[in-house]
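The block underneath contains the structure these notes are about, expressed in structure tokens.
The values are calculated or read from the model by the stated rules, or taken from the named source; none is laboratory data. Only a predicted model underlies this, so the values are computations on that prediction, with no experimental measurement involved. Note: ideal-geometry Cβ built from the backbone for every residue, glycine included; neighbour counts use all protein chains shown.
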Amino acid sequence: MRKLAFVTLMLLVVGAWALRSRLSAEEPQKATVETMKQMESEFMKAALEHGSPGYMSFYAEDAVELPNGGEAILGKANIAKGMGFLDDKNNRLTWSPVGADISASSDLGYTWGSYEFRAKGKDGSAKVEHGKYLTVWKKQADGNWKVAVDMGNAGPKEQ
């Protein structure tokens with residue numbers, strides 16, 4: 001009888017330890033406003049260093065692009081068709097997040113801010129465009145964040 005009580009007690013102790021370990025295992029860190037801004041910075045860095053492939057690596061397969069004055073572009077593959085200008089070293093697109101927010105469930109967030117696009121015109125003159133942007137980020141099934149919706153609109157001067 002003592003042996004059975006001892007074995008039962010040991011099973012309870014081991015079971016409690018295993019449950020405690022499982023419950024105290026580090027849960028995935030919830031995203032914050034700073035997470036959103038950091039992703040935006042990494043997004044721009046990838047575009048500057050790797051051109052259109054770096055830029056597009058941040059897009060979800062079902063992303064939507066809402067270009068200034070144009071029709072909505074649906075899907076990563078279709079969006080990528082218009083991003084070749086990022087591969088021209090005479091072009092430089094930079095942007096900076098001003099604000100951000102994230103859903104209470106930490107699976108959807110957005111950033112907004114200002115951008116600057118510098119390029120050489122066909123006549124060799126410098127061309128500079130300023131504007132505002134909004135990026136909607138969505139956490140994917142694999143835990144990575146991707147651009148779900150991106151849009152920008154040009155302004156007459158630096159925003």
Considering residues of region 130-148 that are under 14 Å from ASP107 (Cα atoms) and aliphatic (A, V, I, L, M) only, the residue modelled with the lowest pLDDT: ALA141
Enumeration of residues in region 110-159 that are surrounded by 17 or more Cβ atoms within 10 Å (Cβ to Cβ) and among the acidic types (Asp, Glu): ASP150
Which residues, taken from region 66-107, are of a type in the set (Gly, Ala, Ser) and on the phi < 0 side of the Ramachandran plot? GLY70, ALA72, ALA77, ALA80, GLY82, GLY84, SER96, GLY99, ALA100, SER103, ALA104, SER105
Those residues of region 27-41 which are in contact (Cβ under 8 Å) with a residue 12 or more places away in the chain, surrounded by 13 or more Cβ atoms within 10 Å (Cβ to Cβ) and either of a type in the set (Lys, Arg) or not in a loop (DSSP other than H, G, I, E, B) (or both), in sequence order: VAL33, THR35, MET36, LYS37, MET39, GLU40, SER41
Quick one: which residue in LYS120, LYS45, LYS89 is under 14 Å from the mean Cα position of the chain (by Cα) and of a type in the set (Lys, Arg)? LYS45
Please find, within region 82-109, the residue that is surrounded by the fewest Cβ atoms within 10 Å (Cβ to Cβ) out of those that are of a type in the set (D, E, K, R) and farther than 18 Å from LYS139 by Cβ. LYS89
